[in-house]
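Accompanying notes for the structure given below.
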Amino acid sequence: MESTIKINADDLSASKRESEEQVYFVTVAVDTIRNKNNAEILSWLVSHGSLTVNELSELLGASQPRTSQSLSALSKAGVVDGEQCGMFRVYRIRGGLAGIVAKMLDSLTMLGGALL
């Protein structure tokens, strides 16, 4: 019995697009992540999934405006998404990027935070 592997051109295009998006994300996000406050926010979001500005401020021991400013930079870089839930805005790492962000944070940690 002969085995045949069929490759769909659309699947290859989608895979290439995903790879290009990941490279773009890493390129844009690395400077943003190098900010210690931003890296700490991402670390909390990786471990908790989603948090409000107030929750993040409390965990970081930082002011709400400073935390909001960091979240704004992370949003502009395409790393986090915010969603209004009642009176609160809930932030999470953008879909599909949590694993990449976790690896980047682990790399920074292995370097002893030298890049922060």
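Just so it is clear, none of the values below were taken in a lab; they were calculated from the coordinates. Computed from a predicted model, the values in this text were never measured in an experiment. Cβ: placed from backbone, ideal geometry, glycine included. Neighbour counts: every protein chain shown.
Table for the structure above
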quantity	calculated
Anisotropy class of the range 60-99 from Cα gyration tensor, a/c 1.5 cut	oblate
For Asp81, Asp106, order by how many other beta-carbon atoms lie within 10 Å, fewest first	Asp106, Asp81
Label point distance in nm, Glu83-Gln64, each placed 7 Å from Cα along Cα→Cβ	2.3 nm
